[in-house]
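Read through the structure below, which is laid out as structure tokens, and then see the notes.
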Amino acid sequence: MWLRVLGAGAGGGFPQWNCGCPGCRAVREGSRPASPRTQSSIAVSADRTTWFLVNASPDLRAQIEAAPELRPRDKRDSPIAAVLLTDAELDHTMGLLLLREGPGVAVHATDASFATLTDGTGFVPTLERYTQVTRHVVVPGETVALAEGLSYTAFDVPTVKKARFGGGTDIEGRVVGYRFTDTTSGRTAVYLPGVQEVTPAVHDELAAADVVLVDGTTWTDDEMIRLGLASKTARDMGHLAVDGPDGSLAVLSGLRAERKIYVHINNSNPMLLEDSAEYATVTARGAEVATDGLEVEV
């Protein structure tokens, strides 16, 4: 099984178009070692021929062009077989509209996400005006065969983040993670780009995986406030900070996974700067800061 990081950045990417924070300035100017990143998405395959997107970012076209495996091999075709969604956030779903030229789009999402995409953003009915959309309802806990040698099981990731398009905060499936299994070898990878709290159930998913790709949005909970970029904490935005005794790095450090990789990294996070103390801390504790194009064989 192969996983390719198409975009390692959080919403807005790195640098973000309207941001002049220290990190964005550094990557624009080349004054410190750092790599630009597009918005969060990965692709998964069992055979490197048929690929499945996990989330469809606004940067999807550029991500496909940067990944030879995802480019068409003939007239008007694509090796992309389906899109799996972890939630209905704009930075994870706007790319769906970029797939309108295809003969059809298979979308795997929970009822909660489909409700937002239908009655909230309207992305699904808009896409249906251009092409056929095949809906596959994701049910947390159910194992689904994606292709020969590859299956997924979604798991619920509780969040109290305010829903922009109505609905409560306790609805199952608003945010999910995915456990992918190579059914030939039995090896597994977990993709979790958004997590507000590592509950015992979520920890169990991470603890059993051979490879984990985990939310690395901010270094500290109040990062955006301190930098004057926003009035919300990381938790308010549905994310667990990396640093601190209860942060995600402490969780990752205790896992058996062979590779522990941060994805969905916000432009404000100092660990994006490769000469920073934060980057050194992450690598010293056995984790990685993903870049676009990183490929992992599981």
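Looking only at region 255-268, residues that are crowded, with 22+ Cβ neighbours inside 10 Å and not in a loop (DSSP other than H, G, I, E, B) come to 5 in all.
Identify, from the list VAL214, VAL296, the residue that is in contact with a helix residue (DSSP H, G or I) (Cβ under 7 Å, 6 or more places away or on another chain) and in contact (Cβ under 8 Å) with a residue 12 or more places away in the chain. Working first, answer last.
Working: VAL296 fails: in contact with a helix residue (DSSP H, G or I) (Cβ under 7 Å, 6 or more places away or on another chain).
Result: VAL214 is the single residue among VAL214, VAL296 that is in contact with a helix residue (DSSP H, G or I) (Cβ under 7 Å, 6 or more places away or on another chain) and in contact (Cβ under 8 Å) with a residue 12 or more places away in the chain.
Out of all the residues in region 106-122, which are part of a loop (DSSP other than H, G, I, E, B) and in contact (Cβ under 8 Å) with a residue 60 or more places away in the chain? If you could, list the steps in order and put the result at the bottom.
First pass over region 106-122, keeping only residues part of a loop (DSSP other than H, G, I, E, B): 110, 121-122.
If the condition is that a residue be part of a loop (DSSP other than H, G, I, E, B) and in contact (Cβ under 8 Å) with a residue 60 or more places away in the chain, then THR110 is the only one that fits.
If I filter region 79-105 down to residues being out of contact with any Ser or Thr (no Cβ under 7 Å at 6 or more places or on another chain), of a type outside the set (S, T, N, Q) and assigned to a loop (DSSP other than H, G, I, E, B), which single residue comes out as nearest to GLY194 (Cα to Cα)? So, considering only residues that are out of contact with any Ser or Thr (no Cβ under 7 Å at 6 or more places or on another chain), of a type outside the set (S, T, N, Q) and assigned to a loop (DSSP other than H, G, I, E, B), the one nearest to GLY194 (Cα to Cα) is GLU89. Close Cβ contacts (under 7 Å, 6 or more residues apart or on different chains) running from residues in region 220-231 that are within 16 Å of GLY20 (Cβ to Cβ) and touching a residue at least 60 places away in the same chain (Cβ under 8 Å) to residues that are in a loop (DSSP other than H, G, I, E, B) and small (Gly, Ala, Ser) comprise LEU227/SER268; LEU229/SER268. Of all residues in region 269-287, those satisfying the criterion of being in contact with a Leu (Cβ under 8 Å, 6 or more places away or on another chain) and either buried (at least 18 other Cβ atoms within 10 Å of the Cβ) or in a helix (DSSP H, G or I) (or both) are TYR279, THR281, VAL282, ALA287. Selection of region 54-73 for residues being assigned to a loop (DSSP other than H, G, I, E, B) and aliphatic (A, V, I, L, M) yields ALA56, ALA67. Filtered by the rule that a residue be crowded, with 21+ Cβ neighbours inside 10 Å, touching a helix residue (DSSP H, G or I) at 6+ places or on another chain (Cβ under 9 Å) and in a strand (DSSP E or B), region 169-187 gives VAL176, GLY177.
Of the residues ARG48, ARG76, which single one is basic (Lys, Arg), assigned to a loop (DSSP other than H, G, I, E, B) and touching a Phe, Trp or Tyr at 6+ places or on another chain (Cβ under 7 Å)?
Sole residue among the options that is basic (Lys, Arg), assigned to a loop (DSSP other than H, G, I, E, B) and touching a Phe, Trp or Tyr at 6+ places or on another chain (Cβ under 7 Å): ARG48.
Can you find even one residue in region 22-32 that is touching a residue at least 24 places away in the same chain (Cβ under 8 Å) and among the polar types (S, T, N, Q)? Within region 22-32, not a single residue is touching a residue at least 24 places away in the same chain (Cβ under 8 Å) and among the polar types (S, T, N, Q).
Here HIS203 meets each of (1) farther than 25 Å from ALA43 by Cβ; (2) assigned to a loop (DSSP other than H, G, I, E, B) with one exception, condition (2).
Residue count for region 243-298 under the criterion of being touching an Asp or Glu at 6+ places or on another chain (Cβ under 6 Å) and farther than 30 Å from ARG48 by Cα: the result is 3. For region 105-122, taking the residues that are under 19 Å from the mean Cα position of the chain (by Cα) and among the hydrophobic types (A, V, I, L, M, F, W, C), the one that is nearest to ALA163 (Cα to Cα) is identified as ALA112.
If you go through region 2-25 one residue at a time, do you hit one that is surrounded by fewer than 19 Cβ atoms within 10 Å (Cβ to Cβ), polar (S, T, N, Q), out of contact with any Lys or Arg (no Cβ under 7 Å at 6 or more places or on another chain) and closer than 20 Å to GLY293 by Cβ? No, region 2-25 has no match at all. In region 75-89 there is at least one residue that is surrounded by 19 or more Cβ atoms within 10 Å (Cβ to Cβ) and farther than 21 Å from ALA189 by Cβ. Selection of region 206-254 for residues being surrounded by 21 or more Cβ atoms within 10 Å (Cβ to Cβ), modelled with pLDDT of 95 or more and part of a helix (DSSP H, G or I) yields LEU206, GLU223, SER248, LEU249, LEU252.
The values are calculated or read from the model by the stated rules, or taken from the named source; none is laboratory data. For clarity, every value in this text was computed on a predicted model and none was experimentally measured. Glycine gets a Cβ as well: all are built from the backbone with ideal geometry, and neighbour counts include every protein chain shown.
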